[in-house]
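See below for the structure under consideration.
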Amino acid sequence: MILYLVRHGETEWHSENRYAGSTDVSLTPKGVEQGIKLAEWAKGTDIELIASSDLSRAIITATPSVIATKVAHKIDPRFREVDFGLGEGLTSDEMEVKFPQARKAFIKAPADSALPNGERGVDAVNRVFDALFELMSVDRAHKVLLVAHSTLGRLMLCGLTGIDLNNYRTNFPRIINGAVTTIEIEDVSQPSALFGAGKLIELNKLL
């Protein structure tokens, strides 16, 4: 499979660096425009399927590409951003005040430690790999555009390329809103086999 991974367009919380997670935050006008630019790119490809999380920022970013390519749009909650629990809506500095110990553990091992009432990164990768395997084995799609999220995308990149999930910030410090990251993924027999089954072709292609 060739996976074109795209982070949704810019949101209203972007400029304040607030953690959105599973909260349904609206796109800015710039974010909507990024979805339109993505569609212009997608129209010139041979994408067979478009997938996105069920959060509006991902759906709205993906919709122009669905219209432009006339392919199916699979909306799946397993492609949602990591749930940051009580950290959602907060900045890093605000978390340091509200729950300093949990924040410290999250910084030290962000895939193994969850913010209060939140989701561990490793669990998020397991659910997204289940969904990704389904695209490969059930939908049998060979070229897929996936509109997802920042932290989830970086965790996916680490998992697919065999990098320790706790190193996602170091190895992939940023996925740019609306940019295309291309990964080639080997055929596998089960979701867990996706760990290390990918090859990064291009990171953050600007449109």
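The values are calculated or read from the model by the stated rules, or taken from the named source; none is laboratory data. Please read these numbers as outputs of a predicted model, since none were measured by experiment. When we count neighbours, we look across all protein chains shown, and the Cβ atoms used for this are built from the backbone with ideal geometry, even at glycine.
Structure above, values below:
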item: Residue list for segment 1-21, restricted to those being among the hydroxyl-bearing types (Ser, Thr, Tyr) and either in a helix (DSSP H, G or I) or surrounded by fewer than 18 Cβ atoms within 10 Å (Cβ to Cβ) (or both); result: 15
item: Every residue from segment 118-157 that is under 13 Å from residue 181 (Cβ atoms) and either touching a strand residue (DSSP E or B) at 6+ places or on another chain (Cβ under 8 Å) or surrounded by fewer than 24 Cβ atoms within 10 Å (Cβ to Cβ) (or both); result: 144, 145, 146, 147, 148, 149, 150, 153, 156, 157
item: Criterion violated by residue 178 - all others in (1) free of Cβ contacts under 8 Å to residues at least 40 places away in the same chain; (2) on the phi > 0 side of the Ramachandran plot satisfied; result: (1)
item: Residue match in segment 48-57 (condition: under 15 Å from the mean Cα position of the chain (by Cα) and either surrounded by fewer than 19 Cβ atoms within 10 Å (Cβ to Cβ) or modelled with pLDDT under 95 (or both)); result: yes
